[in-house]
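The values are calculated or read from the model by the stated rules, or taken from the named source; none is laboratory data. Everything quoted here is computed from the prediction, not taken from an experiment. With ideal geometry, Cβ positions are generated from the backbone for all residues, glycine too; neighbour counts draw on all protein chains shown.
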């Protein structure tokens, strides 16, 4: 009787192995790591969802999507003139857009922001390079992601000098303002991009 049971168990084991082979499944005793599931984040807001809440100018601000920076369209009010004070107000409007919580459509598309308030933009100082902006917090104290968002957004809309991808930022202290360039590396790896820029020559703002 015991021999019959052993033969039945062996036959059952053989059938299970054949069934697994027939289904294309190879028996293994080692757990298989299939890796992370592929990302389904589109990083793109449907065109019809980008409707300005008021009459203004459409600008591109850089938000975080996945592991990179991607532009999102926003509508902001900008001054009619382009004097120093108007440029400063425009810089603050852009910063406010970065700090604002992404809309529902932006969240669905995978957008987030690392820029956190309170954070304001102040005027340049007498010995700062031309086009410099002074933040209420030292740029080096911002997270790499937040600084990358800020640098690329400013470089896209209000570069320190025309036809450049550089902005000059300083903090509230006595440290000199530094130049930061929005590079392809900063966009693709914003969390590891260098956060310490060069010190441009002082100039008239």
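Laid out as a table, the results:
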quantity: Flag if residue 190 is more than 24 Å from residue 60 (Cβ to Cβ) and in a loop (DSSP other than H, G, I, E, B); calculated: no
quantity: Residues of the range 133-166 that turn out to be assigned to a strand (DSSP E or B) and modelled with pLDDT of 95 or more, as a count; calculated: 3
quantity: Index of the failed condition, residue 35 passing every other in (1) modelled with pLDDT of 50 or more; (2) surrounded by fewer than 12 Cβ atoms within 10 Å (Cβ to Cβ); (3) at positive phi; calculated: (1)
quantity: The lone exception for residue 128 - which of (1) out of contact with any strand residue (DSSP E or B) (no Cβ under 6 Å at 6 or more places or on another chain); (2) closer than 16 Å to residue 95 by Cα it fails; calculated: (2)
quantity: Qualifying residue in the range 80-102 (condition: touching a residue at least 24 places away in the same chain (Cβ under 8 Å), in contact with a strand residue (DSSP E or B) (Cβ under 6 Å, 6 or more places away or on another chain), surrounded by fewer than 18 Cβ atoms within 10 Å (Cβ to Cβ) and not in a helix (DSSP H, G or I)); calculated: no
